[in-house]
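Reading through the structure tokens given below for one structure.
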Amino acid sequence: MSSIARDIFFAFALCLFIGGCKDATPKCTAQNFPRISTPADLWKEFSGEKAFEHVRAQVALGPRPSGSATIEKARTHITDTLKASGWQVERQEFEDTPVPGKGALRFVNLIARFSATAVQPVSANTQRAIVCSHYDTKRMTGINFVGANDGASSTGALLELARVLATTPQFAEYFELVFFDGEEAVDKFSEPLDGPDGLVGSRHYARALRESGRSKQFQLAVLWDMIGDKDLTVTLPNDTPPQLSSALFAAGEKLGTRKHLGAYSDPILDDHVPLQIIARIPAMDIIDFDYEPWHTSGDTLDKLSPDSLRIIGQLTLSMLTQELGK
Ligand SMILES: [Zn+2]
């Protein structure tokens with residue numbers, strides 16, 4: 001991505017954000033959540049190599065755009081992996097029409113929850129933190145776009161996070177892991193409250209949270225997107241709730257990886273935005289948008305590093321144990 005292209009994108013995203021949100025400023029007011037005991041050293045268990053194997057498996061499927069036959073194979077890999085470590089998986093399935101006149105597409109968000117006592121179905125009342133990623137890849141005509149960083153990196157890391165959390169079942173009950181479909185725009189992004197194009201899965205999920213009243217049970221949400229670049233430079237958007245950016249920077253100091261964390265001067269339109277403005281949950285986007293092959297055929301496995309996945313996985317887990325234990 002050239003810096004010009006990036007600036008155009010950010011300007012565009014900023015326009016959409018301001019246009020769509022002027023009457024809906026996120027209210028990220030702190031609520032009182034009871035202190036829980038957290039496994040402070042669990043972050044050490046997150047393996048970049050194991051995460052990378054899941055990234056490899058997603059990429060090997062080829063392009064995985066929403067509504068395609070291949071994305072169902074991606075769902076099978078995600079679901080089977082989650083179930084293998086004891087997570088129960090809800091398929092949140094719906095139809096939507098991202099581009100009027102072009103017909104409806106079927107979307108499926110995958111939502112994983114854990115029961116320490118293996119109760120079926122798992123309770124939807126224990127979760128306090130959302131960690132999420134999109135798993136669809138952008139539909140690009142004439143280009144074999146496999147989305148190694150944009151789609152697969154965060155998905156693979158989230159599967160590794162599920163494995164690690166499952167080793168501490170009492171703690172795992174506090175998490176809702178969400179794999180969003182339809183993050184990528186079919187045509188171009190529209191405004192985040194009503195769409196219709198782009199962020200389709202996260203908007204649907206956020207509306208369901210709000211309508212069910214479940215949004216109130218969540219203390220925070222963390223979105224991962226494009227976290228596998230060998231040259232890891234997190235560009236935290238400026239809509240990041242200050243408490244969460246401070247918590248991430250503190251985790252970076254503690255783990256010695258602070259140098260990978262930076263702040264961006266603008267918002268970024270991504271799946272955390274519906275969580276903020278529709279579900280009203282303090283939500284951050286851990287994203288490295290400084291990535292040259294973004295939305296090109298060059299977004300391939302060789303640009304990624306297991307070590308970058310490890311750094312983000314460990315940082316996030318350390319931050320979450322700290323925040324939930326407050
Ligand atoms: Zn993308």
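Overview of results
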item: Subset of the stretch 90-105 [assigned to a strand (DSSP E or B), surrounded by 14 or more Cβ atoms within 10 Å (Cβ to Cβ) and not aliphatic (A, V, I, L, M)]; result: Glu90, Gln92, Phe94, Asp96
item: Condition check for Ala118: touching a helix residue (DSSP H, G or I) at 6+ places or on another chain (Cβ under 8 Å) and either in contact (Cβ under 8 Å) with a residue 24 or more places away in the chain or away from the ligand (no atom under 16 Å from the Cβ) (or both); result: no
item: Helices (runs of 4 or more DSSP H) wholly inside the stretch 1-89 containing at least 3 residues that are touching a Leu at 6+ places or on another chain (Cβ under 9 Å), at pLDDT 95 or above and of a type in the set (A, V, I, L, M, F, W, C); result: 48-60, 69-84
item: Unique residue being away from the ligand (no atom under 14 Å from the Cβ) and either touching a helix residue (DSSP H, G or I) at 6+ places or on another chain (Cβ under 8 Å) or modelled with pLDDT under 95 (or both) when the list is Ile268, Ile281; result: Ile281
item: Residue that is within 16 Å of the ligand (Cβ to nearest atom), of a type in the set (Phe, Trp, Tyr) and on the phi < 0 side of the Ramachandran plot, where the choices are Phe249, Phe289; result: Phe289
item: First in the stretch 200-215 and hydroxyl-bearing (Ser, Thr, Tyr), second anywhere and at pLDDT 95 or above and in a helix (DSSP H, G or I), Cβ under 7 Å, 6 or more apart; result: Ser202/Pro274; Ser202/Leu275; Ser215/Leu209
item: Some residue of the stretch 139-161 being among the small types (Gly, Ala, Ser) and assigned to a loop (DSSP other than H, G, I, E, B); result: yes
item: Some residue of the stretch 221-238 being farther than 20 Å from Asp80 by Cβ, without any contact (Cβ under 8 Å) to a residue 40 or more places away in the chain, away from the ligand (no atom under 16 Å from the Cβ) and touching an Asp or Glu at 6+ places or on another chain (Cβ under 7 Å); result: yes
item: Residue within the stretch 106-115 that is charged (D, E, K, R), surrounded by fewer than 19 Cβ atoms within 10 Å (Cβ to Cβ) and touching an Asp or Glu at 6+ places or on another chain (Cβ under 7 Å) present; result: yes
item: Test set (1) farther than 15 Å from Asp285 by Cα; (2) within 18 Å of the chain's Cα centre (by Cα); (3) more than 16 Å from the ligand (Cβ to nearest atom) - Val178 fails condition number; result: (1)
item: Residue that is closer than 28 Å to Gln217 by Cβ, in contact with a helix residue (DSSP H, G or I) (Cβ under 7 Å, 6 or more places away or on another chain) and within 16 Å of the ligand (Cβ to nearest atom), where the choices are Thr81, Thr168, Thr137, Thr155; result: Thr155
item: Helices (runs of 4 or more DSSP H) contained in the stretch 198-299 and holding at least 2 residues over 17 Å from the mean Cα position of the chain (by Cα); result: 200-212, 242-255
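The values are calculated or read from the model by the stated rules, or taken from the named source; none is laboratory data. It should be emphasised that the depicted structure is a prediction, and the values quoted were computed from it without experimental measurement. No Cβ is skipped: glycine too gets one built from the backbone with ideal geometry, and neighbour counts run over all protein chains shown.
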